[in-house]
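All remarks here apply to the structure that follows.
The values are calculated or read from the model by the stated rules, or taken from the named source; none is laboratory data. This one's a predicted model, so the numbers in the text were calculated from it and none came from an experiment. Methodologically, a virtual Cβ is constructed for each residue, glycine included, from the backbone with ideal geometry; neighbour enumeration extends over all protein chains shown. Calculation scope for accessible area: heavy atoms of the full protein, side chains included, ligands and nucleic acids excluded. Shrake-Rupley method; radii C 1.70, N 1.55, O 1.52, S 1.80 Å.
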Amino acid sequence: FKTRPGRVLCKLPCSGEKEVDLAVQSAKAAFKIWSQMSGMERCRVMLEAARIIREQREEIATMETINNGKSIFEARVDIDISWQCLEYYAGLAGSLAGEHIQLPGGSFGYTRREPLGVCVGIGAWNYPFQIACWKSGPALACGNAMVFKPSPFTPISVVRLAEIFTEAGVPKGLFNVVQGGATTGQFLCQHPDVAKISFTGSVPTGMKIMEMAAKGIKPVTLELGGKSPLIIFSDSDLDNAVKGALMANFLTQGEVCCNGTRVFVERKILDIFTKEVVKCTQKIKIGDPLLEDTRMGALINRPHLNRVQGFIKQAKEQGAEVLCGGDLYVPDDPKLKNGYYMRPCVLGNCKDDMMCVKEEIFGPVMAILPFDTEEEVVERANATKFGLAGGVFTRDIQKAHRVVAALKAGMCFINNYNVSPVELPFGGYKSSGFGRENGRAAIEYYSQLKTVCVEMGDVESVF
């Protein structure tokens, strides 16, 4: 692999209705074998898959960097989270159990936690390999099979994951990959043998998937967009808050759904905070994502770069001030001259009704908004259709817990941001979706509960 922006890495055929059906039928056959294995047997196979990923960390991270454009530094973290995810759910696979309920007269009932069948995973282009592990980990632990469709912009690394599962010993076809865009996704969602759909992506696409799933009464997990608030109180550790704001806005070139892009800063420290954030933002090293010191790579493609630039242009027209960045970046290396690079942008003089504050930009653009009181900032933070995440920086721990309790968001951070260990459930409120990934909570969304009632005496008949 070599980084060269705009170069075609490979060509993959889109999976049509026939290919989708073949993948589902293959997964269905594998499900019959996998679902009959004990949890401990599944555990051992998943641990082997995690071991292979850990062993091949550098190779897979390099593939992911070229696949997506993010820095190799970040890609390594993604791969570490991926094998940790499979290890975590391998550990849970052997502990999945129902419960025994004693009833009168020696009768009893019990529950069984059973797999759903063939689950569909539809991934996004910002974390291709990691999202595939987040979805397949709990699905496979519960005894399901999965057909996964990566984004057509990042189709490569998930194929490697499928190979790794096969090497680890899963039944052939248990984790299948199909390639394509909306039409392929439609075939998956409407397939009669698909039991559940898990989607990560945009709100409009999530609405369409929910509508298609409704026709088959299929459960869905939707992890959609966000416009999350990051609240910086004047009593916070300033250096830590600045680092938090950078983490909340510029990871993966700002292409992160839970980013805290509305940065509310208490007016007492607005000037000093803004000055420090701008200074640190200007120091971010942009360029070849395979270089060790690069901290920001290229955006996913030209249309998306143009979209992000359009938001900045509109923000200026609506009265926002570009404090730094926002312009195209051309690296010195001639082989990178056609790359989709831009300088990370900080916007000042922002108002709540500006488009750059209301809509998800999904790029390296931070909007700074002043506030005066706790009550005011909580109300403004919640005044959005989204509810994926939120963050608070303060030394007052009572205030921190009080504010996160009031935030209408599924994932909240106190004195940190964008820390998502696999042990903790992840998901949103409102238009940011429902269902949860990660943690024990995900088991609920990849299994179903069967109740069995056992009568130990004669049937009491009313007839």
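Laid out as a table, the results:
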quantity	calculated
Residues satisfying the stated conditions in the stretch 233-260, i.e. crowded, with 21+ Cβ neighbours inside 10 Å and farther than 19 Å from Gly297 by Cβ	Phe233, Ser236, Ala241, Val242, Gly244, Ala245, Cys258, Gly260
Selection status of Glu48, acidic (Asp, Glu), loosely packed, with under 14 Cβ neighbours inside 10 Å and in a helix (DSSP H, G or I)	no
Candidate set: the stretch 363-377, residues that are more than 13 Å from Gly325 (Cβ to Cβ) and not in a strand (DSSP E or B); chosen: the one most open to solvent (accessible area, probe 1.4 Å)	Glu375
So Gly339, is it over 23 Å from Leu238 (Cα atoms) and crowded, with 21+ Cβ neighbours inside 10 Å	yes
Lone unmet requirement of (1) surrounded by fewer than 16 Cβ atoms within 10 Å (Cβ to Cβ); (2) in contact with a helix residue (DSSP H, G or I) (Cβ under 6 Å, 6 or more places away or on another chain) for Pro289	(1)
Strands (runs of 3 or more DSSP E) fully within the stretch 172-247 counting 2 or more residues that are farther than 27 Å from Leu369 by Cβ	175-177, 194-200, 220-223
Sole residue being more than 22 Å from the chain's Cα centre (by Cα) and not assigned by the TED database to the domain that holds Ile300, chosen from Gly123, Gly137, Gly180, Gly117	Gly117
Breaking point among (1) in a loop (DSSP other than H, G, I, E, B); (2) under 30 Å from Glu374 (Cβ atoms); (3) open to solvent by 50 Å² or more (accessible area, probe 1.4 Å), for Lys268	(1)
Residue match in the stretch 82-90 (condition: modelled with pLDDT of 95 or more, farther than 20 Å from Pro150 by Cβ, crowded, with 21+ Cβ neighbours inside 10 Å and out of contact with any Leu (no Cβ under 8 Å at 6 or more places or on another chain))	yes
Per-region count, the stretch 150-159, residues under 23 Å from Val194 (Cα atoms), open to solvent by less than 30 Å² (accessible area, probe 1.4 Å) and assigned to a helix (DSSP H, G or I)	1
Residues of the stretch 305-344 classified as of a type outside the set (Lys, Arg) and outside any helix (DSSP H, G or I), total	22
Subset tally (residues that are part of a strand (DSSP E or B) and open to solvent by 90 Å² or more (accessible area, probe 1.4 Å)) for the stretch 410-449	1
Glu292 under 16 Å from the mean Cα position of the chain (by Cα), acidic (Asp, Glu) and farther than 18 Å from Gly390 by Cβ	no
Checking Ala145 against (1) of a type outside the set (Ser, Thr, Tyr); (2) farther than 30 Å from Ile361 by Cα; (3) open to solvent by 10 Å² or more (accessible area, probe 1.4 Å), the condition it does not meet	(3)
Long-range neighbours under 7 Å by Cβ, at least six apart or interchain, first residue within 19 Å of Tyr88 (Cβ to Cβ) and among the acidic types (Asp, Glu) within the stretch 26-53, second at pLDDT 95 or above and assigned to a helix (DSSP H, G or I)	Glu48/Ala168
First in the stretch 327-356 and on the phi > 0 side of the Ramachandran plot, second anywhere and surrounded by fewer than 14 Cβ atoms within 10 Å (Cβ to Cβ), Cβ under 7 Å, 6 or more apart	Asn349/Gly319; Asn349/Glu321
Enumerated strands (runs of 3 or more DSSP E) restricted to the stretch 61-133, each holding at least 3 residues that are in contact (Cβ under 8 Å) with a residue 12 or more places away in the chain	108-115, 118-122
Test: Asp333 is at pLDDT below 95, surrounded by fewer than 18 Cβ atoms within 10 Å (Cβ to Cβ) and not hydroxyl-bearing (Ser, Thr, Tyr)	yes
Verdict on Val147 being farther than 30 Å from Val454 by Cβ, in contact with a strand residue (DSSP E or B) (Cβ under 8 Å, 6 or more places away or on another chain) and not in a strand (DSSP E or B)	no
Filtered residues of the stretch 32-72 (kept if within 24 Å of Gly254 (Cα to Cα) and of a type in the set (Lys, Arg))	Arg57, Lys70
Hits in the stretch 119-136 - residues which are within 24 Å of Gly363 (Cα to Cα) and of a type in the set (Val, Ile, Thr)	Ile122, Ile131
Filtered residue count, the stretch 379-399, keeping only those that are within 25 Å of the chain's Cα centre (by Cα) and open to solvent by less than 40 Å² (accessible area, probe 1.4 Å)	11
Residue match in the stretch 5-25 (condition: modelled with pLDDT under 95, farther than 17 Å from Val178 by Cα and either outside the structural domain of Gln190 (by the TED database) or open to solvent by less than 40 Å² (accessible area, probe 1.4 Å) (or both))	yes
